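To start, the structure itself, in structure tokens.
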Amino acid sequence: MRTLEIKKNDSNQRLDKFMQKHFKTMPKSMMYMYIRKKCVKLNGKKVSGDEMLKEGDVLTFYIKDEFFEGAEEKHYEFLKAPKKLNIVYEDENILLLDKKPGVIVHPDKSYHFDSLISRVLHYLYDKGEYDPEQEQAFCPALVNRIDRNTGGIVIAAKNAESLRILNQKMKTRELEKFYLCLLHGKPKKDSDTLTGYITKNESKNKVTVHPKPVEGGKEIKTKYKILEFDGRYSLAEVELLTGRTHQIRAHMAYIGHPLVGDTKYGKNKKAPDSFKYQALYSYKLRFNFTTDAGILDYLNGKEFEVKDVPFVK
């Protein structure tokens, strides 16, 4: 028999979801078998699995020790990652990070030990703000993603309540993201809101823009404004009114002005040698809450900006 007390970061979630996160090696079918056989108790009472956990609740488990041993593993892979971060803003709830091009946000098939989330965990661990031994299910997490070869602001949530709030704000588009990009040539209009539809080829990880609705297509809206033009390249600010894979890169290429350095959508447009990655940066973030933000309400109306964008002089 083992007992666990629910802490703040583990509260406000279903019991079965908590168990899936905590007992990482336990098959889901076995988890529900333990629940059915009354091997799991919540405050001494039998459970069905859909109970919402509250801070201070006590769970009692009559299950194999091997699952606890897996959950209490003390070898932390994230400690192999560098803890170097470019921090735009930090408080007790969130981190705003300036991710540099070339860094992956989450581990992928080419992952060896370094990713942005691993760096965040290493950083918070060294600060004493994250201890896996004290957290039974929660782990600090990234709220948004940016492609490996794109730079810009990524939000990290330090606690479960902030993560829940920010995930909801992302869905309701109460976080406004602005990008800077360098375009080949200059569009006919200095500012415009482009519309269209986008489909994705999963095997090639490439999207196609269509002027009219197509099967499997998703609507896209891309708002841009030309800031500068040097006779060859345009510096543009872009606001994503919809957030689709490669939307800015594909949409600007579709109108005949691909991003400098973009080998996937730039066709035969050659970039200067100094451009190792496409010239695209998520440089500004604005919190524009229109619904209750709970413990993050103090962020409403605040705007954060990256000053050092590689392709802006």
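Starting from residues that are in contact (Cβ under 8 Å) with a residue 24 or more places away in the chain and among the hydroxyl-bearing types (Ser, Thr, Tyr), keep the ones in region 109-135 and report whichever is surrounded by the fewest Cβ atoms within 10 Å (Cβ to Cβ).
Let us first name the residues in region 109-135 that are in contact (Cβ under 8 Å) with a residue 24 or more places away in the chain, namely 113-126, 129-130, 132-135.
Retained after the next criterion (residues that are among the hydroxyl-bearing types (Ser, Thr, Tyr)): 115, 118, 123, 125, 130.
Details: SER115: 20, SER118: 23, TYR123: 23, TYR125: 17, TYR130: 20.
Ranking the qualifying residues of region 109-135, first place goes to TYR125.
Search region 21-62 for residues being outside any helix (DSSP H, G or I) and touching a residue at least 60 places away in the same chain (Cβ under 8 Å), and hand back the single one that is nearest to LEU4 (Cα to Cα). First the steps, then the outcome.
Our first condition is that a residue be outside any helix (DSSP H, G or I); within region 21-62, this holds for 23-27, 37-62.
Those still in the list that are touching a residue at least 60 places away in the same chain (Cβ under 8 Å) too: 61-62.
Numbers: PHE61: 8, TYR62: 12 Å.
Only one residue fits best here, namely PHE61.
Test of understanding: among VAL40, VAL58, which residue is loosely packed, with under 13 Cβ neighbours inside 10 Å and either modelled with pLDDT of 90 or more or farther than 18 Å from SER11 by Cβ (or both)? Walk me through it before giving the result.
Details: VAL40 fails: loosely packed, with under 13 Cβ neighbours inside 10 Å.
Of VAL40, VAL58, the one residue that is loosely packed, with under 13 Cβ neighbours inside 10 Å and either modelled with pLDDT of 90 or more or farther than 18 Å from SER11 by Cβ (or both) is VAL58.
Residues in region 217-260 that are part of a loop (DSSP other than H, G, I, E, B), under 24 Å from the mean Cα position of the chain (by Cα) and of a type in the set (Gly, Ala, Ser): how many?
Total meeting the criteria: 2.
Checking LYS188 against (1) assigned by TED's automatic domain parsing to the domain that holds ILE248; (2) in contact (Cβ under 8 Å) with a residue 24 or more places away in the chain, which test does it fail?
(2)
Would you be able to tell me the number of residues in region 144-179 that are modelled with pLDDT of 95 or more, outside any helix (DSSP H, G or I), crowded, with 22+ Cβ neighbours inside 10 Å and of a type in the set (A, V, I, L, M)?
5
Is it the case that VAL88 is assigned to a loop (DSSP other than H, G, I, E, B) and aliphatic (A, V, I, L, M)? Steps first, answer last, please.
Numbers: assigned to a loop (DSSP other than H, G, I, E, B): no; aliphatic (A, V, I, L, M): yes.
No; evaluated as a whole, the condition is false for this residue.
Suppose we filter GLU92, GLU72 for residues that are in contact with an Asp or Glu (Cβ under 9 Å, 6 or more places away or on another chain) and either crowded, with 16+ Cβ neighbours inside 10 Å or modelled with pLDDT of 90 or more (or both); which single one remains? Break it down stepwise before answering.
Numbers: GLU72 fails: either crowded, with 16+ Cβ neighbours inside 10 Å or modelled with pLDDT of 90 or more (or both).
Of the residues listed, the single one that is in contact with an Asp or Glu (Cβ under 9 Å, 6 or more places away or on another chain) and either crowded, with 16+ Cβ neighbours inside 10 Å or modelled with pLDDT of 90 or more (or both) is GLU92.
The values are calculated or read from the model by the stated rules, or taken from the named source; none is laboratory data. This is a predicted model, so every value here is computed, not measured. Heads up, the Cβs are rebuilt from the backbone with ideal geometry, glycines too, and the neighbour counts pull from every protein chain shown.
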